[in-house]
């Protein structure tokens, strides 16, 4: 077990390096000259060729590519992600830090929705396969995967906020403003996981151990919950865990529909303003989150499955 | 497999929807009753009439005509995306799976890194880098999707290269290229079709989403996502503007997804029994 | 063909199955899997069901146990100790399974839930049918394993299924089957999925159980050799129908049905080959 965790931790290092390298390449591919941008940030009134050359030297832009990458990486590790191009008074880290809590709230509540809705519905759909409940749920799941997220968001705003006047239409302000956007984010994931859990349960139901459990005279409910559900959750938990970073990045669209002041909205605004350091930081953040959640849930699954624990030791 | 597919009414319906949509898109200039760009400001937010079958929008433009013209970017660009994705994926996957060794190692490491990013982020990064344009959205989608296909096709290639008829073909002296195109592609085609039809749905959603955010197809051009973006601004006064483009996306994406499911069932008789 | 076996007059059979048919429903289509099979078993006797895979022998037993889901249609009658099993209350059937009728299945490796220790799985079975303290239950489980000649039972109880061999798991399954003093044991190809050395000792266990007392047994196999070790009466199934029925000796010695004849001659041919191979290899070894 310990060996496995150490192995997995070591394996993430090259992946993190690759991700950070990609992000660094990204900022180096942009059409504008960083030295010129830096001068503009300092609000230098007249930008001359000499001044640019001088700044290049100053910023170490004449160093070899890999040296610059190392310097940048070192800064990143010290949480120095640079300064916003559009608003020189603000650091990138500050911008991300300002917006991240709102996004995390949104992603957190969506995760709650996903778990609370998809687990029981997937379970019941499998148990009552081909009944009216299963049929309706399968229809909804199908619709859920075909509907564009932003459209669902708009329809919900119209129905719940405008027509019924129950919740605020958009913006950031307390729990009531969180309900609709979080549900919108969760919707497409709910569909995916209902399907996943249902199919997984049905697959498990055909296993020999279920037949034997029935032959031993165990109660149907005990077989469903103790055996089939536990075995299906084993594989689903990893899938749900790994989708957390996707939930976080999936908030982009919804944040824009609901005018939610999170990192997704920050990212879109930055794209329009060509504020590259912010975009870079956002990509880096999501990439790193992705790697760490994968790692965490891999280890969790490993710890929960006696077969895996055994095999690799 | 094809026979089974044609016997399923659901699959036929889905193929019918996609085919008719494509036809309407191709012949939009002849089918559409009005110019999709023509303003008729006196007639804004008009209800359905003979002149405007689905009414007009906030500038008095014909919603029906705009919807028909909207098929073009949505459906054709998503098909283009899939073509590019499958093209690169097939080439990379077969190269990796057939030649193995160092080539395989390099390609698969790149694939691993590609797959470790959520797709939405990469698309945004690429669009940010290359500039806001629908062409860049297509490029970005191909850039992140090919890795999935490369991995799948590599696995299939490895599976099939060890099969007897490929070994036989090689032993009677057929060239590598001949073996690859004649024997292996048809074997993989079925699996590829399932994945491709599901991903076409994904590509349609993706293009319309980015257009909705203003990063894809730009304002006056009729596109479903962009139409919804305009409808958003008038949703308090005229919510009915959201219905037509939204439903259009749902129907087309639904048809693609359902077709993918039908293909999978036709491929795998075991799955039908479930 | 549906010969109704004539039970000896002095004893009523424990299980009497008459005209049992099973069909699989696929939409409006109906596939007949088992066609009017009849047989009976008495206490202390063993009935062998012989047939190749897909002949409907396992299906017959699942139907008797009420283990088929609603995609199957079961008709006919099956009287167990005077009570009808077909169409009986599912809850009543469930209580019967494991306690009065117990089962040994093939593929011991996949018959236990991989996520629970064997002790936990045995415990849930016993707890379902008996009211015992956990201490009593534990000593009972240790007794069962000891009876099944498993060394270090305390340790085995703490193991997960994947940590034990197929033969070992099969023994545990047999132990669990006899632990609740059943009146009928149904063994569905219990020797098929394990290696031949374990097969031999597993068969010994079954013979021991049969000799020990009054339990009735239905032993399903595709292997003539295995059945000849244990079965008193044999029915031969082919394509869902019982084509031959009689005492073990009479079926093996003078099969009337063409299919049974075919099976037996094949078995003999394989055995001859086997003997030749052994002799052949041993002579070669001598030469080398």
### Query
residue B:69 versus (1) over 21 Å from the mean Cα position of the chain (by Cα); (2) assigned to a helix (DSSP H, G or I): which is the lone unmet condition?
(1)
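Quick grid of which residues meet (1) touching a strand residue (DSSP E or B) at 6+ places or on another chain (Cβ under 8 Å); (2) over 29 Å from residue A:234 (Cα atoms):
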| position | (1), (2) |
| --- | --- |
| C:74 | yes, yes |
| C:77 | yes, yes |
| C:80 | yes, yes |
| C:91 | no, yes |
| C:103 | yes, no |
| C:106 | yes, no |
| C:111 | no, no |
| C:123 | no, no |
| C:128 | no, no |
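Going residue by residue through the stretch A:27-46, is there one that turns out to be buried (at least 16 other Cβ atoms within 10 Å of the Cβ) and within 13 Å of chain B (Cβ to nearest Cβ)? Before the answer, list the steps.
We begin by selecting, within the stretch A:27-46, every residue buried (at least 16 other Cβ atoms within 10 Å of the Cβ); these are A:27, A:30, A:34-35, A:37-39, A:41.
After this cut, where a residue has to be within 13 Å of chain B (Cβ to nearest Cβ) as well, the list is A:27, A:30.
The answer is yes; a qualifying residue exists.
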#### Entry: Hits in the stretch A:270-299 - residues which are assigned to a helix (DSSP H, G or I), more than 8 Å from chain B (Cβ to nearest Cβ) and more than 24 Å from residue A:242 (Cα to Cα)
A:273, A:277, A:278
### Task
Among the helices (runs of 4 or more DSSP H) lying completely within the stretch A:196-268, list those that include at least 2 residues that are in contact with a helix residue (DSSP H, G or I) (Cβ under 7 Å, 6 or more places away or on another chain) and more than 18 Å from residue A:305 (Cβ to Cβ).
A:208-215, A:244-257
### Query
Which of (1) within 11 Å of chain C (Cβ to nearest Cβ); (2) buried (at least 19 other Cβ atoms within 10 Å of the Cβ) is the odd one out, the single condition residue A:191 does not satisfy?
(1)
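Among what's in the stretch C:226-251 and is over 15 Å from the mean Cα position of the chain (by Cα) and surrounded by fewer than 18 Cβ atoms within 10 Å (Cβ to Cβ), pick the residue that is nearest to residue C:41 (Cα to Cα). Before you say what the answer is, go through the steps one by one.
Filtering the stretch C:226-251 down to residues over 15 Å from the mean Cα position of the chain (by Cα) leaves C:238-251.
Still in the running and surrounded by fewer than 18 Cβ atoms within 10 Å (Cβ to Cβ): C:239, C:247, C:249-250.
Values: C:239: 22, C:247: 12, C:249: 17, C:250: 17 Å.
Selected residue: C:247.
Yes or no, residue by residue, for (1) in contact with a helix residue (DSSP H, G or I) (Cβ under 9 Å, 6 or more places away or on another chain); (2) over 30 Å from residue A:170 (Cα atoms); (3) not assigned by TED's automatic domain parsing to the domain that holds residue A:252:
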site	(1), (2), (3)
A:10	no, yes, yes
A:30	yes, yes, yes
A:38	yes, yes, yes
A:52	yes, yes, yes
A:58	yes, yes, yes
A:70	no, yes, yes
A:73	yes, yes, yes
A:83	yes, no, yes
## Note on the structure
Of (1) surrounded by fewer than 21 Cβ atoms within 10 Å (Cβ to Cβ); (2) within 9 Å of another protein chain (Cβ to nearest Cβ), residue A:242 fails just (2)
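Quick one: which of B:128, B:189, B:196, B:140 is under 19 Å from the mean Cα position of the chain (by Cα) and at pLDDT below 85? Explain how you work it out, then say what you get.
Working: B:128 fails: under 19 Å from the mean Cα position of the chain (by Cα); B:196 fails: at pLDDT below 85; B:140 fails: at pLDDT below 85.
Checking each option against the conditions leaves just B:189.
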### Message
Consider the stretch A:53-99. How many of its residues are loosely packed, with under 14 Cβ neighbours inside 10 Å and on the phi > 0 side of the Ramachandran plot?
### Response
2
#### Entry: Number of the condition not met by residue A:153 [criteria: (1) more than 27 Å from residue B:14 (Cβ to Cβ); (2) touching a residue at least 60 places away in the same chain (Cβ under 8 Å)]
(1)
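Condition (residue is modelled with pLDDT under 85 and either in the same structural domain as residue C:52 (by TED's automatic domain parsing) or surrounded by 13 or more Cβ atoms within 10 Å (Cβ to Cβ) (or both)) applied to the stretch C:267-281: is it met by at least one residue? Don't jump to the end; show me each part of the working.
Going through the stretch C:267-281, the residues modelled with pLDDT under 85 turn out to be C:267-281.
Still in the running and either in the same structural domain as residue C:52 (by TED's automatic domain parsing) or surrounded by 13 or more Cβ atoms within 10 Å (Cβ to Cβ) (or both): C:267.
Yes: one or more hits.
With the structure loaded, tell me whether residue C:48 is in contact with a strand residue (DSSP E or B) (Cβ under 8 Å, 6 or more places away or on another chain), assigned to a loop (DSSP other than H, G, I, E, B), in the same structural domain as residue C:214 (by TED's automatic domain parsing) and modelled with pLDDT of 85 or more or whether it fails that test. Before you say what the answer is, go through the steps one by one.
Working: in contact with a strand residue (DSSP E or B) (Cβ under 8 Å, 6 or more places away or on another chain): yes; assigned to a loop (DSSP other than H, G, I, E, B): no; in the same structural domain as residue C:214 (by TED's automatic domain parsing): yes; modelled with pLDDT of 85 or more: yes.
No.
Tell me yes or no: at least one residue of the stretch A:168-181 is assigned to a helix (DSSP H, G or I), over 22 Å from residue B:246 (Cα atoms) and in contact with a strand residue (DSSP E or B) (Cβ under 8 Å, 6 or more places away or on another chain). Outline the logic, then answer.
Step one: list which residues in the stretch A:168-181 are assigned to a helix (DSSP H, G or I), which gives A:176-181.
Within this subset, residues satisfying the condition of being over 22 Å from residue B:246 (Cα atoms) are A:176-179.
Those still in the list that are in contact with a strand residue (DSSP E or B) (Cβ under 8 Å, 6 or more places away or on another chain) too: none.
Looking for residues that are assigned to a helix (DSSP H, G or I), over 22 Å from residue B:246 (Cα atoms) and in contact with a strand residue (DSSP E or B) (Cβ under 8 Å, 6 or more places away or on another chain), one finds none in the stretch A:168-181, hence no.
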### Message
Can you find, within the stretch C:67-95, the residue that is farthest from residue C:30 (Cα to Cα) among those that are assigned to a helix (DSSP H, G or I) and within 7 Å of another protein chain (Cβ to nearest Cβ)?
### Response
C:95
#### Entry: Residue that is in contact with a helix residue (DSSP H, G or I) (Cβ under 8 Å, 6 or more places away or on another chain), in a helix (DSSP H, G or I) and over 29 Å from residue C:53 (Cα atoms), where the choices are C:137, C:173, C:203, C:168
C:137
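Do we find a residue being in a helix (DSSP H, G or I), away from every other protein chain (no Cβ under 12 Å) and surrounded by 18 or more Cβ atoms within 10 Å (Cβ to Cβ) anywhere in the stretch B:233-241? Outline the logic, then answer.
So in the stretch B:233-241, the residues in a helix (DSSP H, G or I) come out as B:233, B:239-241.
Adding the requirement that they be away from every other protein chain (no Cβ under 12 Å) leaves none.
No - not one qualifying residue is present in the stretch B:233-241.
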### Message
Going residue by residue through the stretch B:107-124, is there one that turns out to be in contact (Cβ under 8 Å) with a residue 12 or more places away in the chain, away from chain A (no Cβ under 12 Å), surrounded by fewer than 19 Cβ atoms within 10 Å (Cβ to Cβ) and more than 23 Å from residue B:202 (Cα to Cα)?
### Response
yes
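Quick check, is residue A:221 under 30 Å from residue C:112 (Cβ atoms) and surrounded by fewer than 21 Cβ atoms within 10 Å (Cβ to Cβ)?
Taking the combined requirement at face value, the residue satisfies it.
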### Task
Determine if the stretch B:91-98 includes at least one residue that is assigned to a helix (DSSP H, G or I), under 28 Å from the mean Cα position of the chain (by Cα), at pLDDT below 85 and under 30 Å from residue A:289 (Cα atoms).
no
### Message
Among the residues that make up the stretch B:9-23, is at least one of them under 25 Å from residue B:258 (Cβ atoms), touching a helix residue (DSSP H, G or I) at 6+ places or on another chain (Cβ under 8 Å), more than 14 Å from chain A (Cβ to nearest Cβ) and free of Cβ contacts under 8 Å to residues at least 40 places away in the same chain?
### Response
yes
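The values are calculated or read from the model by the stated rules, or taken from the named source; none is laboratory data. Everything quoted here is computed from the prediction, not taken from an experiment. As a convention, Cβ positions derive from the backbone with ideal geometry for all residues, glycine included, and neighbour counts pool all protein chains shown.
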